[in-house]
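Here's the structure we're looking at; comments come further down.
Computed from the coordinates by the stated procedures, all read-outs in this text should not be read as laboratory data. Keep in mind it's a predicted model, so treat the numbers as computed, not measured. So basically every Cβ, Gly included, is an ideal-geometry build from the backbone, and we count neighbours across all protein chains shown.
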Amino acid sequence: MAAGQPQTWLGAEQNQTDTLDLGAVARVAATLGRDTPDKGDALPWLWHWAFFQAAAPAATLSNDGHPEGGGFLPPMPGLQRMWAGSRLTFQRPLRVGFPARRHSRVRDIQRKTGRNAGTMTFVTLDHHYEQDGEETLHEQQDLVYREPRPLPARPGIPLPELHWRRDIKPDPVLLFRYSAVTFNSHRIHYDWPYATGAEGYTGLVVHGPLIATLVLDAFLDAHPGVTPTGFQFRGLRPLLCPGQFVVGGIREEPGRARLFAGDRDGQSQTAEVHFKETP
């Protein structure tokens with residue numbers, strides 16, 4: 001595969017295994033302020049993002065803390081990488097304390113030109129999670145690589161009138177812990193001088209998957225007795241720490257709800273959950 005030609009990475013594959021270790025699960029629970037599941041219990045939805053992570057050696061990291069690429073992902077030297085969103089289908093939960101496998105494939109690579117962000121490269125990944133020989137969930141993940149320039153600090157679309165809501169006040173400890181349990185060394189989440197100096201943010205950046213996890217968690221707290229069958233989210237603008245934001249949603253029709261995260265400047269992440277009522 002030739003460096004500088006991302007299209008040659010189409011179809012690249014990777015396999016990651018994990019034991020969903022009880023100690024690691026307890027650290028995720030402590031980070032999110034939730035009860036710790038026991039061995040054999042269902043892994044709570046979206047906690048899988050703390051597992052199946054490749055252990056990239058420090059020598060392979062770029063200045064921003066991300067792996068340089070060139071293995072499974074295409075090399076994108078000099079570009080900033082962000083997780084733009086995901087679409088997930090849930091068959092059944094993973095079980096804590098038992099081996100599982102993630103098979104990943106580079107599904108699509110596209111270059112686009114944004115009005116404010118310049119040229120961007122979108123990489124879509126397919127992740128299939130299996131346990132006991134059966135698929136438990138399927139995820140399509142969108143990564144975006146963009147030119148290193150500060151994001152414009154523009155307001156978003158106002159949040160709608162929410163049917164349920166939870167106030168979140170992130171602090172650097174939460175961001176550091178979530179980075180640790182997901183083995184995410186991107187410096188925008190914990191390195192204030194880098195985030196504000198090199199990448200032009202006005203604070204630390206709250207992880208997109210952390211926001212999505214809190215959004216879905218708030219929905220499940222507000223709707224006991226439902227089982228999600230699908231979830232998708234899309235990032236619109238960053239949420240920063242210090243700061244405060246809201247997660248909540250609107251249940252518009254049977255089996256579907258729109259979910260949101262945002263602050264006083266408007267929406268920062270939108271999501272949708274499909275679900276079935278538990279008999």
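Positive end of the dipole of the chain (Cβ unit charges, origin at the Cα centre): among LEU125, GLY97, ALA29, the Cα lying farthest that way belongs to LEU125. Remark: relative contact order (segment 68-226) = 19 percent; criterion is Cα-Cα distance under 8 angstrom and separation of 6 or more residues. Taking THR229, THR60, THR202 as the candidate residues, the one with maximal mean-square fluctuation in a Gaussian network model of the chain, Cα springs under 10 Å, is THR60. Remark: SER185, SER86 ranked as SER185, SER86, counting other beta-carbon atoms within 10 Å and listing the fewest first.
Computed on segment 150-279, with alpha-carbon pairs under 8 angstrom and 6+ residues apart, the relative contact order is 31 percent.
Each Cα pair under 8 Å and six or more residues apart adds its sequence gap; the mean of these over the residue count of segment 1-149 is a relative contact order of 29 percent. Select one label from (1) 43, 20, 15; (2) 39, 19, 17; (3) 27, 24, 19: the one whose number is semi-axes √(5λ) of the Cα gyration tensor in Å as derived from the coordinates shown. Answer label, from the structure shown: (3). A Gaussian network model of the chain, with springs between Cα atoms under 10 Å, assigns the largest mean-square fluctuation among LEU239, LEU214, LEU22 to LEU22. For the residues GLY65, GLY133, GLY208, a GNM of the chain with alpha-carbon springs under 10 Å puts the largest fluctuation on GLY133.
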